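Taken together, the values in this text are just the output of simple stated rules run on the coordinates, not laboratory data. No experiment lies behind these values; they were computed from the predicted model shown. For neighbour counting, all protein chains shown are included, and Cβ atoms are generated from backbone atoms with ideal geometry for every residue, glycine included.
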Amino acid sequence: QVPLVESGGGLVQAGDSLRLSCAASTRTFSNYGMAWFRQAPGKEREFVAGISSLGSTRDYTDSMKGRFTISRDNAKNMVYLQMISLKPEDTAVYYCAARRNTPSRLYREYLYWGQGTQVTVSS
């Protein structure tokens, strides 16, 4: 089991920045690839960003590259998503996810999920 708890969501205006955090409760956090997904109403859950277990490799959906940055702190069991230049279309529930070893862009390959944090971007 890898309990995950997201925080940092909220209501912001277009162009603002926001940093999401995800806290993991496991002694073996450095064994897990981590990712952020998001899901807007009526849409499928989509991959946002992923980071390898030791943080050496990062992956982003093309449309978010340059605006979103994923990072992790294995000493604190934390993973972050820094978002800048937010747009109304970024409005969604953002989820943190964990899987053994390498991250994946496929949400079905993740066993562990947080409860999600709502991000709403007004125009």
Charge context of Asp90, other residues only, Cβ under 14 angstrom, K/R +1, D/E -1: +3
Inter-label distance, nm, simple model (7 Å from Cα along the C-beta direction), Ser85/Arg100: 4.0 nm
Where only C-alpha atoms are counted, convex hull volume of region 4-67 per residue in Å³: 116 Å³
Debye log10 I(q)/I(0) for the chain, one point scatterer per Cα, at q = 0.10 Å⁻¹: -0.26
Mean separation of Cα contacts under 8 Å (6+ apart) over length of region 1-95, as relative contact order %: 33 percent
Local net charge near Ala40, Cβ-Cβ under 14 Å (Lys/Arg +1, Asp/Glu -1): 0
